[in-house]
Amino acid sequence: MVTGGIPHVIGRAVLVTEEVDVPPIGLDFPTIAAAILTFAVAYVLARLGAIALSIASEQTVRHRITIKTLIPLARFTIYFLAVLVVFGLLFDLDSTQLVAFSGVLGAVLGLGVQDLFANVVGGVIITFERPYHPGDMIEFGEYYGEVTGIGLRSTTLVTNDDDEISVPNHKLFTESLANANSGKPQLMAVPELHLANEADIEVASTILRDAMRSSPYLYASDECPIVVRVNQQPAYITLRGRAYVNDVRHEFAFQSDVTERALAAFTEADIETASVPVAIDSES
């Protein structure tokens, strides 16, 4: 609101400065207490919501990933509303002023805490564009595992070794990302075996195919066929199976089950396996 003007003469130009009412910051004790209470309630609601959705998702394999997708969206919505409420309490802003102030705050955050702000932006993009979901198996840079949580700052993965990895969300802009199942409960697993050049490839392929077909973790479908690929290497033969498991969490159990039973069948059929040399880093 304009309350008056004060003319200033600069050379021959007349500059009129206007006094504008700026909403005062209400930093009295009741306002601060209300702001703290708002964030506390938002935190509790976000935690309870995440726990409730996680429990509900574990009750079904088919809809587990779909339900877990709602967790980061619910968390972001709750915190966003809490921030708007606190801004309104502190600055007594109307809707237009609140939008303008949010833009100024974003610019300040972008300059002052760039890494944190980049992580938050990455978290928002992940929440709405959904390159992956909680429950997906992804390869994010050098890490591969199940997405167990998507926060505003980082994404949490659990690897096959049961290690919990926290990956900053800003790596979404700089690291490669591979999603193995894209929100589906089924996942392609690839058991791999190596044979001597003299081995009977036809018999070995049949054994590997039967081992995959009889696995309790197999997802059987016309759209997800069982495939065995043969690759001739200079010193050995590689058999690579391709089949889908009924749950992304069974990927490594399926590979172990198929490999164990196929190797036992190779021994009974006198099929010789091969030892594959391990590459050694010359710099280490």
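The values are calculated or read from the model by the stated rules, or taken from the named source; none is laboratory data. Since the structure is predicted, the reported quantities are computational estimates derived from the model, not experimental observations. Glycine gets a Cβ as well: all are built from the backbone with ideal geometry, and neighbour counts include every protein chain shown.
Things to note:
- Total residues in segment 198-236 satisfying the condition of being touching a residue at least 40 places away in the same chain (Cβ under 8 Å) and of a type in the set (Phe, Trp, Tyr): the figure is 2.
- Any hit, segment 254-277, residues being within 17 Å of Ile201 (Cβ to Cβ), modelled with pLDDT under 95 and in a strand (DSSP E or B): yes
- Taken over segment 212-253, residues that are more than 22 Å from Ile138 (Cβ to Cβ), in contact with a helix residue (DSSP H, G or I) (Cβ under 9 Å, 6 or more places away or on another chain) and part of a loop (DSSP other than H, G, I, E, B) amount to 5.
- Pairs linking a residue in segment 123-140 that is farther than 16 Å from Ser166 by Cβ to a residue that is at pLDDT 80 or above and of a type in the set (S, T, N, Q), with Cβ atoms under 6 Å and 6 or more positions apart or on different chains, are Asp136/Asn179; Asp136/Asn181; Met137/Asn181.
- The set of residues from segment 30-51 being among the aliphatic types (A, V, I, L, M) and either outside any helix (DSSP H, G or I) or in contact (Cβ under 8 Å) with a residue 24 or more places away in the chain (or both) comprises Ala34, Ala35, Val41, Ala42, Leu45, Ala46, Ala50.
- Breaking point among (1) out of contact with any strand residue (DSSP E or B) (no Cβ under 8 Å at 6 or more places or on another chain); (2) modelled with pLDDT under 70; (3) within 26 Å of Ile51 (Cα to Cα), for Leu98: (3)
- Residue within segment 171-178 that is surrounded by fewer than 16 Cβ atoms within 10 Å (Cβ to Cβ), touching a Lys or Arg at 6+ places or on another chain (Cβ under 6 Å) and in a loop (DSSP other than H, G, I, E, B) present: no
- Test: residue in segment 174-197 that is aliphatic (A, V, I, L, M) and within 11 Å of the chain's Cα centre (by Cα): yes
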